[in-house]
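Peer 1: First the structure, then my questions, so here it is.
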Amino acid sequence: MHRLAAGILMFVSAALIAGNVCCAERWATLPAFPLMPAAKTSGMAPINDIQMYYAEYGEGDPILFIHGGLGSADVWGYQIAYFAKDHRVIVADSRGHGRSTRSEQPFGYDLMTSDYVALLDYLKLDKVTLVGWSDGGIIGIDMAMKNPEKLTRVIAQAANVTTDGLKADVMTNKTFSDYINAAGETYKKLSRTPSEYDAFVTQISAMWASQPAWTADDLARIKVPVTLVIGDHDEAIKLDHTEMMAKQIPGSKLVILRDTSHFAMLQDPEGYNAMIRDAMAGR
């Protein structure tokens, strides 16, 4: 965490000296997570075999934001503050992540998707727009295949549908390593099992080694409107893999976010929010 804080401090100092930060360089830095707005309601929902943390903000047509692997709902602070002005915004911590508990049951995308379907039932929500980042985007695609009746649309950023969609050097990338370190510090602060981050990472890594593994025929059955999003400097997901997904999911749209990486919602919140608005408007 000290290394991450030092890196951010150096980046901000350079910006002050230069007077601005060149937009072409923002993709190489992991900004600090924003402060979370005060929730309208929050709690722990009894979901399947876990206790799942959730929070709600604002009123209007519902949007469910699902975070990526190792993270928590707290990554969505900028989006919550913006969309809660005219939408009912729901965030949650996926099983084992953040404040939510985990069980001995092996992690799997079908299982995690079933958690979110159960959460929507718990909150008495019929349909939502689902915005998913990384693992959250994979969950969104899974839900589009398995539970389309729950979805108005899916906006999936930095998702993959087979393991070969991942870049081989992702774990040696500095920005991605900074995220793993930051996620570990956040886990220690939020989790009911703060000393078990390594065990949690081991459990979820077993899922990443073999999942997802969907075929072109699986994707072709999706009927929900899907927008696929990727930063043009994504450290983890191959651009051509996302382009392949866009070809195989009927009627899907591909959006490439300029000068951003896997962490676009933090690096360019204004552009990210505008992308979601456009997707929701069918643009």
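Peer 1: Shape verdict for the stretch 200-252, please, from the Cα gyration tensor: rounded (a/c under 1.5), prolate (a/b greater than b/c) or oblate.
Peer 2: Values: a/c = 2.44, a/b = 1.42, b/c = 1.72.
Note, shape of the stretch 200-252 comes out oblate.
Peer 1: State, to one decimal in nm, how far the label point of residue 181 lies from the label point of residue 220, with both points 7 Å from Cα in the Cβ direction.
Peer 2: With each label point 7 Å from Cα toward Cβ, the separation is 4.7 nm.
Peer 1: Students often get this wrong: which residues of the stretch 22-60 have the backbone nitrogen under 20 Å from the point 7 angstrom along Cα-to-C-beta of residue 125?
Peer 2: Residues passing the 20 Å test: 36-60.
Peer 1: While we're here: Highest mean first, what order results for 129-139, 77-87 on Cβ atoms within 10 Å? Display every interim value, and only then the final one.
Peer 2: Values: 129-139: 26.9, 77-87: 18.8.
Those peptides, ordered most packed to least, come out 129-139, 77-87.
Peer 1: Another question about this same structure. If R₀ is 30 angstrom, what is the calculated FRET efficiency for the pair residue 240 and residue 195, using the beta carbon separation as r and rounding to 0.05? Mind showing how you got there, number by number?
Peer 2: Numbers: r = 40 Å, r/R0 = 1.35.
The calculated FRET efficiency here is 0.15.
Peer 1: For the chain, modelled as a Gaussian network with Cα springs under 10 Å, which listed residue fluctuates most, 161, 91, 201?
Peer 2: In the Gaussian network model the winner is 201.
Peer 1: So if I take the alpha carbon set of the stretch 169-278, get Rg, then get Rh from the Kirkwood formula, what is the Rg over Rh ratio?
Peer 2: Numbers: Rg = 16.5 Å, Rh = 16.2 Å.
On the Cα set of the stretch 169-278, Rg over Rh gives 1.02.
Peer 1: Here's something else I'd like to know. Nearest 5 is fine: what % of DSSP beta bridges in the stretch 40-167 come out antiparallel, could you say? List each step's numbers first, then the result.
Peer 2: Values: 11 of 26 bridges.
Rounded to the nearest five, the antiparallel share is 40 percent.
Peer 1: A further question follows. Please label the shape of the stretch 108-236 as rounded, prolate or oblate, based on the square roots a ≥ b ≥ c of the eigenvalues of the alpha-carbon gyration tensor (a/c under 1.5 means rounded; beyond that, a/b larger than b/c means prolate, else oblate).
Peer 2: Details: a/c = 1.88, a/b = 1.30, b/c = 1.44.
Judged from the Cα gyration tensor, the stretch 108-236 comes out oblate (a/c at least 1.5, b/c at or above a/b).
Peer 1: Only bridges with both residues in the chain count here: give the DSSP antiparallel percent, nearest 5.
Peer 2: Details: 13 of 37 bridges.
The antiparallel fraction comes to roughly 35 percent.
Peer 1: Heavy-atom accessible area per residue, the chain, 1.4 Å probe: how many Å²?
Peer 2: Values: 12360 Å² over 283 residues.
Ligands and nucleic acids excluded, the result is 44 Å² per residue.
Peer 1: Could I ask something else about it? Just 53, 109, 122 to compare: in a GNM of the chain, with alpha carbon springs under 10 Å, which one fluctuates most?
Peer 2: So, out of 53, 109, 122, the one fluctuating most is 122.
Peer 1: Also: Can you list the lysines whose alpha carbon sits under 29 Å from that of residue 146, skipping same-chain ones fewer than 8 residues off?
Peer 2: 124, 127, 167, 223, 238, 247, 253
Peer 1: Let me ask something else. From zero up to wherever the largest Cα-Cα distance of the stretch 105-176 sits, split into 10 Å bins and tell me the percent of pairs in each.
Peer 2: For the stretch 105-176, the pair-distance distribution reads 19, 47, 24, 10, 0.
Peer 1: Still on this structure, I have one more. Residue 170 to residue 253: extension gain in nm, 0.36 nm per residue of separation minus the Cα-Cα distance? Walk me through the numbers on the way to the answer.
Peer 2: Numbers: separation 83, 0.36 × 83 = 29.88 nm, distance 2.54 nm.
Stretched fully, the residue 170-residue 253 segment lengthens by 27.3 nm.
Peer 1: Which residues among the stretch 196-214 fall inside the zone where the amide N is under 19 Å from a point 7 Å beyond the Cα of residue 146, along Cα→Cβ?
Peer 2: Once the point is set 7 Å along Cα→Cβ of residue 146, 203-214 turn out to lie under 19 Å by backbone N, inside the stretch 196-214.
Peer 1: Now, a different point. Quote to one decimal, in nm, the extra length available between residue 85 and residue 273 on full extension: 0.36 nm per residue of separation minus the C-alpha distance between them.
Peer 2: Numbers: separation 188, 0.36 × 188 = 67.68 nm, distance 1.26 nm.
Stretched fully, the residue 85-residue 273 segment lengthens by 66.4 nm.
Peer 1: Still on this structure, I have one more. Taking a spot 7 Å from the Cα of residue 110 along the direction of its beta carbon, which residues of the stretch 193-219 have an amide N less than 16 Å from it?
Peer 2: Under cut-off, by backbone N: 207-208, 210-215, 218-219.
Peer 1: Let me ask something additional. Of the heavy-atom accessible surface of the chain (probe 1.4 angstrom), what whole percent is carbon and sulfur?
Peer 2: Values: 6940 of 12360 Å².
The C+S portion of the solvent-accessible surface of the chain is 56 percent.
The values are calculated or read from the model by the stated rules, or taken from the named source; none is laboratory data. These numbers were taken from a predicted model, which means no experiment stands behind them. All Cβ positions, glycine included, derive from the backbone under ideal geometry; neighbour counts span all protein chains shown. Accessible surface areas use protein heavy atoms only, side chains included; no ligands, DNA or RNA. Shrake-Rupley method; radii C 1.70, N 1.55, O 1.52, S 1.80 Å.
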